[in-house]
Amino acid sequence: MGLVNTRSETKPLPYGRQVIDDDDIAAVCAQLRDPFLTQGPTVAAFERALCEATGARYAVAVSSGTAALHLACLAAGVKTGCCGLVPDITFVATANAVRYCGGTPVLVDVDADTGLVSMAALAAAVTQLERQGRTVSTLMPVSFSGAVADLAAVEALARSAGALVIEDAAHSLGAQYEVNGETFRSGSCAHSDMAILSFHPVKHVTTGEGGAITTRDRGLYQTLCDLRTHGITKDPARLSRNDGPWYYEQQALGYNYRITDLQCALGVNQLQKLDRFVARRREIAGRYDDALAMPELAAEYQALKVPAGVRSSYHLYVVRLRARPGESTSQVAARRLALFMKLREAQVFAQVHYIPVHLQPDFIASGLTGGEFPGADAYYASCVSLPMFPAMADSDVDRVIELLHR
Ligand SMILES: *Cc1c(COP(=O)(O)O)cnc(C)c1O
């Protein structure tokens, strides 16, 4: 690690941040001179670029990742009396989407080593709900940190339960995974019915706020397009009557979840850099991995495990404190807090992803937190997300590693 100059020592390092170049600014300015600020051809161009980036057949761009989750749940048929299975370690939006539709999010424990949904816990939850005669509408695996859950296994489980799979791919644009030796892309919907993306500034590419749903199902695509705009259609083939060229029909209750052409102009330009961004994230992860493999650090820390066959796109780089012999979960959590504060004093703004959903007061008050979550509890006590974004210099990474040594 050696010398770190004092200027870089005090430069604040966030856990994540967008990369905006002059060509991004030029793309947005050009769009401002275009006749369309919204509902124009740049939205469609962004959707085509998303299909290309993910390999999905269809993409529907919307106003946020949360809006994408809401529409995906509606399209999956989530309603009052239905359940959606959500990992306990995720951003609350995943579970809230089920609630927006009147459904019940059932929280499922995670594997502490990966932060991904535990397949054993997921299968047990499906079996239990079926025994209780409950309707399981959707399984919602989260591609946490940029690594993909065992989507083929989730899909098989969903098929047996008559449920749809919604991959929350907000962390994993650009990630790959293998099934039977074949490589697939996160968000391609090769093993899911729908996937959702987010373009919040900390994510891989940004539109400010923004999101999308990808799918390979034409019917779902149609439903998602309608729901994005009030449930309104103008398609002559689907109208119940036709009063004239102005005529449209609201055929379902939808929303205004549209994204603007201004945002999509930024999105199209950002997507051109996705491969470079992901490559740099992987380089940074490699540098952290190498440091954490050194004996002094390996004794104290362990990197989050990426499952075999998965190539993470590293939205996050999570490191976990190893429990010392005889140490309780709360003792580990106390050391994690001390580490967090030490990093912060040095202007390194790490984060914790995520507080388990079962600990959120609104979920507790709503009676949605039954069950045991030993994996999520162990994970949460020990995790810290280190700075990870493509504009980080190697010296920035080394500065973080140096702090872990102390
Ligand atoms: C960011 C994120 C979302 C929500 O996306 P927004 O665009 O912020 O609404 C949903 N799920 C996960 C896992 C996320 O990280």
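Below is a table of values for the structure above.
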| read-out | value |
| --- | --- |
| Residue within region 130-140 that is in contact with an Asp or Glu (Cβ under 9 Å, 6 or more places away or on another chain) and of a type in the set (Val, Ile, Thr) present | yes |
| Residue that is farthest from the ligand (Cβ to nearest atom), among those in region 52-69 that are part of a loop (DSSP other than H, G, I, E, B) and farther than 10 Å from LEU197 by Cα | ARG57 |
| Checking THR54 against (1) hydroxyl-bearing (Ser, Thr, Tyr); (2) open to solvent by less than 10 Å² (accessible area, probe 1.4 Å); (3) farther than 28 Å from HIS230 by Cβ, the condition it does not meet | (3) |
| Every residue from region 123-144 that is within 15 Å of the ligand (Cβ to nearest atom) and polar (S, T, N, Q) | THR138, SER143 |
| Region 294-333 - residue that is under 18 Å from the mean Cα position of the chain (by Cα) and aromatic (Phe, Trp, Tyr) and, of those, surrounded by the fewest Cβ atoms within 10 Å (Cβ to Cβ) | TYR317 |
| Inter-residue pairs, beta-carbon under 6 Å, first under 12 Å from PRO87 (Cα atoms) and small (Gly, Ala, Ser) and in region 114-134, second modelled with pLDDT of 95 or more and open to solvent by 60 Å² or more (accessible area, probe 1.4 Å), 6+ apart | SER118/ASP111 |
| Every residue from region 211-239 that is open to solvent by 30 Å² or more (accessible area, probe 1.4 Å) and assigned to a loop (DSSP other than H, G, I, E, B) | ARG216, ASP217, HIS230, LYS234, ASP235 |
| Residues that are closer than 14 Å to VAL318 by Cα and not charged (D, E, K, R), drawn from region 263-297 | ILE284, ALA285, GLY286, TYR288, ALA291, LEU292 |
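The values are calculated or read from the model by the stated rules, or taken from the named source; none is laboratory data. These numbers come from a predicted model, not from an experiment. Cβ sites come from the backbone with ideal geometry, for glycine too, and all protein chains shown count toward neighbours. Note: areas computed on protein heavy atoms with side chains; ligands, DNA, RNA excluded. Shrake-Rupley method; radii C 1.70, N 1.55, O 1.52, S 1.80 Å.
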